[in-house]
Amino acid sequence: MSFLENINGPEDVKKLSIQELKVLSEEIREYMVSVVSQNGGHLAPNLGIVELTLALHYVFDSPRDKLIWDVGHQGYPHKIITGRREALKTLRKLNGISGFLKRTESEHDIFGAGHASTALSAALGIATARDLNREKYKVVAIVGDGALTGGMALEALNNIGQLKKELIIVLNDNEMSIAENVGAISNYLSMLVTSPKYHRLKEELWEFLEKLPSEFLSKRLRELAKKIKENLKSLAVPTILFEELGIEYAGPLNGHDLEQLIETFSRVNRVNGGPILLHVLTKKGKGYLPAEENPELFHGIGPFDKKTGKPIKTYDLPSYTSIFRKTIVDIGEMDKNVVAITAAMPLGTGLDLFKEKFPDRFFDVGIAEQHAVTFAAGLALKGLKPYVCIYSTFLQRSFDQLIHDVGIQKIPVKIVMDRGGVVGEDGATHNGVFDFSFLRIIPNYVVMAPKDEDELVDMLYTMLEYNDGPITVRYPKGSALGIPIKENPEIIPIGKWEKMYGEDSSDVVILATGSMVYPSLEAAKRLSNEGFNISLVNARFIKPLDLQMLTEIFNSNPKCIFTVEEGNLPGGFGSAVVEYAHFLRLHKMPKIINIGLPDVFIEQGSREEILKIYMLDEEGIHQSMKIYLQEIL
């Protein structure tokens, strides 16, 4: 008998015995492995949180009680339990369910989550609103220990301790975020786990007090007990961080022991008081051996063979990330002042080999992009050459630092943005479509986008030689184009574009950036064969623009200029071209048409599907331009 096929909501979980819940937990694991092996997804963290999720839904009453999950890497069991078992088969697919928590998807998804370290702030806001509205329900924030490497989570803990609202924090501690956790907080949690003396003495003290008749429990005796507890604490553990913040601490608990979890959650559910943190230990990847042995790989993985755990190769060409991976090591070998920084993603950003080769020059700061940028600024001030390697979507967290700590001071920080543009299956929270817009508005920045892997290598070396201020490069997810890489990289003159096709004076000029250059080139060739006088420029610098070439283009009096970018149009590269055209006060203004992504959050689907939908593949670009040209010319 399968228990899973009868789970259509949290109420079905509550009907099961502990033994039946144990069987259900294994069925959920098997089901997740089956789905993710076909669709890809975040497997290891979800395998580790199955019993914890079952215990939470067994004790608390979702959605009346508010379960708020940090990120979404731990949300698959929750989705299965809350009526989305069959829908999980569409995980991360076009028009399917999201790989993250999403409010429009279910009433049980209380707060949308794609990035880390947000649950504590949201939970405190909801708990405070509950009290102001004089309502009664529990608020539970489920937070991974990796989230505590993010400054926002620490800010929230500080505020939680100050407001002392009734709030339950479940700290899911698997010693991992995406990669192995780093930093003082991680070390501190390890100390708590390995200091059972304090927890044993604390429990024995309260067991003794509970046995005393109530008439003996005077206020004075309670105060004495509190002092004893504090003294025991100082003997066993130097500082209990959470309790010093005003948050009661309990644990650590075995996150795979359903009886213990249910008993503890039930006890906490009956208590009305201030904030309490339950420290739960889980194993990332539990129940599936390949994920247990390599949790970092299975944190986020594409389709794989379920029997062997080996990824299914979907393309033969190397990825842009792998090109960067090799190049940054070559650069590091050439210049001993080069250092590399990542925010909890050495494997995802391709810095794992640099870490191996130059451990003293590699820095993983945890999920702390703001700190990463300012940390890099400090390094650069003292003569080092920091490459800060962050996914485009995650760099958004450091916007203030990019302006205040780097841009204003013209500090030569080198920022490498992987996953620029459409990411695909991870959807709106992870698409890197805003970087052109938010970097372009900051003075003193250089913003580059390579047309292929050879130009990426050139740009990485160009960054090494550039010391007049911050410089950035962004490249897309997925495979490169198979373009041969020169043996000796070239240093590209800052702000110089590249003419790639057509005559200097054309009726139609295409200005394409980054990943859109080659699709636009093929579209240009097709349009040329159809009788249009057309040329194409590789606008590899989004900032600064090549004003000399752009002025020459405007002075050649083209009838139409197309800009093409894999980014959102408001404030993007195309906007910069329009702004400069107006600055020149041209006597005869050409028609300027911006092609890119619209002013919406782009939902999930494969990268190829999304580019096709928004007509940013070769066929779509050709059709869009042809329609416009037939109207204009």
Run Leu395 past the list (1) buried (at least 24 other Cβ atoms within 10 Å of the Cβ); (2) of a type in the set (A, V, I, L, M); (3) not in a helix (DSSP H, G or I) and report the number of the one that doesn't hold.
-> (3)
When Ile483 is run through (1) under 17 Å from the mean Cα position of the chain (by Cα); (2) β-branched (Val, Ile, Thr); (3) within 30 Å of Leu94 (Cβ to Cβ), the failure sits at (1)
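Residue-wise test of (1) buried (at least 20 other Cβ atoms within 10 Å of the Cβ); (2) touching a residue at least 24 places away in the same chain (Cβ under 8 Å); (3) farther than 18 Å from Asp145 by Cβ.
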| position | (1), (2), (3) |
| --- | --- |
| Ile49 | yes, yes, no |
| Leu56 | yes, yes, no |
| Lys66 | yes, yes, yes |
| Asp70 | yes, yes, no |
| His73 | yes, yes, no |
| Glu86 | no, no, yes |
| Ser98 | yes, yes, yes |
Is it true that some residue in region 320-327 is more than 14 Å from Tyr387 (Cβ to Cβ), buried (at least 19 other Cβ atoms within 10 Å of the Cβ) and among the aromatic types (Phe, Trp, Tyr)?
-> yes
Just need a number here: residues in region 299-332 that are farther than 17 Å from Met345 by Cα, in contact (Cβ under 8 Å) with a residue 40 or more places away in the chain and either assigned to a helix (DSSP H, G or I) or in contact with a Leu (Cβ under 6 Å, 6 or more places away or on another chain) (or both).
-> 2
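A quick yes/no check of all residues on (1) modelled with pLDDT of 90 or more; (2) in contact with a Gly (Cβ under 6 Å, 6 or more places away or on another chain); (3) surrounded by 17 or more Cβ atoms within 10 Å (Cβ to Cβ); (4) not in a strand (DSSP E or B):
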{"position": "Lys89", "(1), (2), (3), (4)": "yes, no, no, yes"}
{"position": "Leu94", "(1), (2), (3), (4)": "yes, yes, no, yes"}
{"position": "Arg103", "(1), (2), (3), (4)": "yes, yes, no, yes"}
{"position": "Ile110", "(1), (2), (3), (4)": "yes, no, yes, yes"}
{"position": "Lys136", "(1), (2), (3), (4)": "yes, no, no, yes"}
{"position": "Met152", "(1), (2), (3), (4)": "no, no, yes, yes"}
{"position": "Leu171", "(1), (2), (3), (4)": "yes, no, yes, no"}
{"position": "Asn187", "(1), (2), (3), (4)": "no, no, no, yes"}
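So how many residues does region 380-392 have that are part of a helix (DSSP H, G or I) and buried (at least 19 other Cβ atoms within 10 Å of the Cβ)?
Here is the first cut: in region 380-392, the residues part of a helix (DSSP H, G or I) are 380-381, 392.
Adding the requirement that they be buried (at least 19 other Cβ atoms within 10 Å of the Cβ) leaves 380, 392.
Going through region 380-392 one residue at a time, the tally reaches 2.
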Give the residue, chosen from Arg103, Arg130, Arg134, that is charged (D, E, K, R) and at positive phi.
-> Arg134
From the list Phe554, Phe532, which residue is touching a strand residue (DSSP E or B) at 6+ places or on another chain (Cβ under 9 Å), assigned to a loop (DSSP other than H, G, I, E, B) and farther than 30 Å from Ser479 by Cα?
-> Phe532
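The values are calculated or read from the model by the stated rules, or taken from the named source; none is laboratory data. Not measured: the values here are computed from a predicted model. For neighbour counting, all protein chains shown are included, and Cβ atoms are generated from backbone atoms with ideal geometry for every residue, glycine included.
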